[in-house]
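First the structure, in the form of structure tokens, and then the observations on it.
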Amino acid sequence: MKSKDELIDDLLTLAFAEDVGDGDHTTLSTIPADARGKQHLIIKEPGILAGVEVARKVFEKFDPELKMTVFIPDGTEVKPGDIAFEVEGRVQSLLQTERIMLNIMQRMSGIATTTHRYQQELQGLKAKVIDTRKTQPGMRILDKEAVRIGGGGNHRIGLFDMILIKDNHNDFAGGIPNSVAAAKAYCKEKGKDLKIEVEVRNDEEIDQALAAGVDRIMLDNFTPERTAEAVKRINGATEIESSGGITLATLRAYGETGVDFISVGALTHSVKGLDMSFKAV
């Protein structure tokens with residue numbers, strides 16, 4: 001299993017391969033190799049800044065001699081005209097890293113900004129907005145980091161760090177009692193300490209999940225009214241997650257039912273990037 005840093009390094013290797021290839025021939029042909037300069041990141045839209053530390057990795061990986069000076073750290077609320085950081089060094093290196101850095105920072109900042117907006121709707125409640133696996137392929141580690149920077153929480157990173165038994169698993173396995181028993185036996189056999197969450201569709205399945213002894217129950221596509229009834233039925237016996245079609249407009253109603261988590265795919269699956277530019281000083 002690769003570490004977070006190793007996954008980011010792999011991502012950047014691919015990003016350079018697809019964008020720079022065997023060289024940025026525009027830059028290499030027009031800018032002298034020994035030319036030095038400075039660029040800074042200008043914010044053009046209000047939001048939450050995210051990706052500064054990943055940007056540092058971009059510059060360090062491409063050219064360790066690039067010097068980055070940070071003025072605004074990750075997680076800070078920014079406004080148009082703010083200067084997040086500046087980078088000094090070879091102009092050829094600055095120009096070849098510009099787009100990769102901006103792609104990452106604009107997406108991460110967009111996710112952080114959206115997450116912040118959702119979590120603000122839950123102010124004063126115990127519910128935490130969390131992400132899903134509906135992320136950009138290959139960029140999940142950054143998408144989920146951006147959610148954390150924005151004040152949200154992470155669900156499982158992938159299929160490997162938690163057992164989430166959904167309706168299809170239950171239907172194929174012959175029901176919740178069978179699927180949960182099989183999951184517990186599997187963890188014991190493999191020596192894995194994984195939390196078990198099960199998706200439920202009705203009161204009968206809630207009772208089956210409680211009897212099976214799961215760590216978390218996911219209420220899938222429940223209305224706020226049905227969710228409130230389910231919270232009373234579960235009565236603190238396990239963690240509770242609301243999921244399925246929840247929007248910013250309905251978020252507060254779900255939070256007020258007393259659930260612990262509200263998973264929202266929109267944090268990452270269709271986010272708008274935050275506008276910013278990397279300009280010569």
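Things to note:
- Restricting attention to region 160-170, the residues that are part of a helix (DSSP H, G or I) and open to solvent by less than 60 Å² (accessible area, probe 1.4 Å) total 2.
- Looking only at region 264-281, and only at residues there that are not in a loop (DSSP other than H, G, I, E, B) and not polar (S, T, N, Q), the one that is surrounded by the most Cβ atoms within 10 Å (Cβ to Cβ): LEU267
- Lone unmet requirement of (1) in contact (Cβ under 8 Å) with a residue 24 or more places away in the chain; (2) of a type in the set (Asp, Glu); (3) more than 28 Å from SER243 (Cβ to Cβ); (4) assigned to a helix (DSSP H, G or I) for GLU145: (3)
- Close pairs from region 1-14: first touching a residue at least 24 places away in the same chain (Cβ under 8 Å) and of a type in the set (D, E, K, R), partner open to solvent by less than 70 Å² (accessible area, probe 1.4 Å) and in a helix (DSSP H, G or I), Cβ under 7 Å, at least 6 apart: LYS4/ILE141
- Subset of region 105-125 (residues that are in contact (Cβ under 8 Å) with a residue 60 or more places away in the chain and either closer than 26 Å to ASP63 by Cβ or touching a Gly at 6+ places or on another chain (Cβ under 6 Å) (or both)): MET105, GLN106, ARG107, SER109, GLY110, ALA112, THR113, THR115, HIS116, LEU122, LEU125
- Complete set of residues in region 126-142 that are open to solvent by 50 Å² or more (accessible area, probe 1.4 Å), at negative phi and either touching a residue at least 40 places away in the same chain (Cβ under 8 Å) or in contact with a strand residue (DSSP E or B) (Cβ under 8 Å, 6 or more places away or on another chain) (or both): LYS126, LYS128, LYS134, GLN136
- Pair list, Cβ under 6 Å, 6 or more apart: region 178-207 residue closer than 29 Å to PRO224 by Cα, other residue in a helix (DSSP H, G or I) and among the charged types (D, E, K, R): GLU199/ASP167; ILE206/ARG233
The values are calculated or read from the model by the stated rules, or taken from the named source; none is laboratory data. Since this is a predicted model, take the numbers as computed values, not measurements. Every residue, glycine as well, gets a Cβ built from its backbone with ideal geometry; the counts of neighbours run over all protein chains shown. The protein model used for the area step is the full one, side chains on, heavy atoms only, and it has no ligands, DNA or RNA in it. Shrake-Rupley method; radii C 1.70, N 1.55, O 1.52, S 1.80 Å.
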